[in-house]
Amino acid sequence: MPVARDFAITARLAFATATVMFALIVVGSIVRTTGSGLACPDWPLCHGRLIPPLQFNILIEWFHRLLALIVGLGLLATAAWTWARAEGHPQQRVRARLGGLAVASIALYLSQALLGALTVWKLLDPNVVSAHLAVGLLLFATLLTLGLSARQAARDDARPSPRRAGLLPLFAVATAAIWVQAVLGGMVSTNHASLACPDWPTCNGRWLPEFTGLVGLQMAHRFGAYLLIALLAWVAVRAGSAPDVTTRNLGRVMFLLVLAQGAIGVANVLLGIPVWVSALHLGTATLLLALSLVGTFRLAAMPAGERAGKTAAPAVQRAVAR
């Protein structure tokens, strides 16, 4: 029981840190859309001070850095607790998995911090800013996976229902596709291509414009969104007949959320990229990534349907014989 409690605490720490990381990603969008990326022209200080001048853009960038610091402290606490308490777990595989996720999280955080510094030193180079978002989303996903793994270790006596064949790879592909689409959206924003097509569903009055320059980048993001909606519609259909009610609900919620995400994206363009709509757009994408990752992890923890069926068959035959 103490071992289960220790891993439950690990899960809470990881989930709390992932929540702050979610806020950090959304605030990063506000930093970009308000043009506050160079409001603090130095790093790690801001205008050479720990507490910067009380100006709007400066405070937005400073708050972004403060959240990054809180994520680092939360990650340090999570990793320290994981390494200190994992030694008492009887399963070597569980210890190795949690320790590996903690190491990966720290490596991603250090990379994220370096990219954050480079965004200032390189004067908001679009490639660096896009990489900053990509690594941030990976760090968020890794922290969430660490929390899910620790929670599963705390509940190692649970017996999940069998999964439907083909659902695990489908959710995994959806998770990867959501990450790619979110990074592509970040590239659109950092390259100032958000209004390269100021209308919708056409682009500058054309259904199929030339896929070059900023227009090509914007259209790639749009077609990626259409493909993602189709993919998550298929996920919802396949998950609808899953034995596990949580998997069924995840499929439905993800499809409804991606429809809302599409509507937010259209509003973002038609309204001229308002700050809060843009932040909501990235926040919804990050939430989609989280839900798809939870579904993938949940399915990976389930026994395969075929194996479960073979195991259940003798029991059914014995029951009939009685």
Flagged in the stretch 114-126 as within 23 Å of W179 (Cβ to Cβ) and either touching a residue at least 40 places away in the same chain (Cβ under 8 Å) or aliphatic (A, V, I, L, M) (or both), in numbering order, are L114, L115, G116, L118, T119, L124, P126
Checking V269, V277 in turn, the sole residue that is modelled with pLDDT of 90 or more, in a helix (DSSP H, G or I) and either of a type in the set (K, R) or in contact with an Asp or Glu (Cβ under 8 Å, 6 or more places away or on another chain) (or both) turns out to be V269
Residue under question is A230, and the condition is that it be more than 16 Å from N268 (Cα to Cα), in a loop (DSSP other than H, G, I, E, B) and either small (G, A, S) or in contact with a strand residue (DSSP E or B) (Cβ under 6 Å, 6 or more places away or on another chain) (or both); does it hold? no
Given E87, E61, which one is in a helix (DSSP H, G or I), at pLDDT below 90 and of a type outside the set (A, V, I, L, M, F, W, C)? E87
Can you spot a residue in the stretch 254-268 that is in contact (Cβ under 8 Å) with a residue 24 or more places away in the chain, surrounded by fewer than 20 Cβ atoms within 10 Å (Cβ to Cβ) and in contact with a Ser or Thr (Cβ under 8 Å, 6 or more places away or on another chain)? yes
Give me the residue from the stretch 143-161 that is more than 22 Å from A107 (Cβ to Cβ) and modelled with pLDDT of 85 or more and, out of that set, most open to solvent (accessible area, probe 1.4 Å). R151
It is to be established whether one or more residues within the stretch 65-82 are of a type in the set (K, R) and not in a helix (DSSP H, G or I). no
What's the number of the condition S36 fails, among (1) over 27 Å from L138 (Cβ atoms); (2) touching a residue at least 12 places away in the same chain (Cβ under 8 Å); (3) open to solvent by less than 60 Å² (accessible area, probe 1.4 Å); (4) not in a helix (DSSP H, G or I)? (1)
Looking at this structure, is L108 in contact with a Phe, Trp or Tyr (Cβ under 8 Å, 6 or more places away or on another chain), at pLDDT 95 or above and either within 23 Å of L38 (Cα to Cα) or open to solvent by 20 Å² or more (accessible area, probe 1.4 Å) (or both)? no
Quick one: how many residues across the stretch 111-140 are more than 19 Å from S189 (Cα to Cα) and open to solvent by 20 Å² or more (accessible area, probe 1.4 Å)? 4
Right, L208: of a type in the set (A, V, I, L, M, F, W, C) and within 22 Å of the chain's Cα centre (by Cα) or not? no
Can you report the number of residues in the stretch 248-264 which are within 19 Å of L282 (Cβ to Cβ) and modelled with pLDDT under 95? 0
Can you pull out every residue in the stretch 1-33 that is open to solvent by less than 60 Å² (accessible area, probe 1.4 Å) and more than 18 Å from the chain's Cα centre (by Cα)? V3, A4, D6, F7, A8, I9, T10, V31, T33
Return a yes/no flag: does the stretch 68-79 have any residue that is open to solvent by 40 Å² or more (accessible area, probe 1.4 Å), without any contact (Cβ under 8 Å) to a residue 60 or more places away in the chain, over 20 Å from A102 (Cβ atoms) and under 27 Å from the mean Cα position of the chain (by Cα). no
Across the stretch 162-179, which residue is surrounded by the fewest Cβ atoms within 10 Å (Cβ to Cβ) among those that are assigned to a loop (DSSP other than H, G, I, E, B) and among the small types (G, A, S)? G166
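The values are calculated or read from the model by the stated rules, or taken from the named source; none is laboratory data. Source: prediction; values computed, not measured. Glycine also receives a Cβ, built like all others from the backbone with ideal geometry; neighbour counts cover every protein chain displayed. Side chains are part of the model used for accessible areas, which takes the heavy atoms of the whole protein and leaves out ligands, DNA and RNA. Shrake-Rupley method; radii C 1.70, N 1.55, O 1.52, S 1.80 Å.
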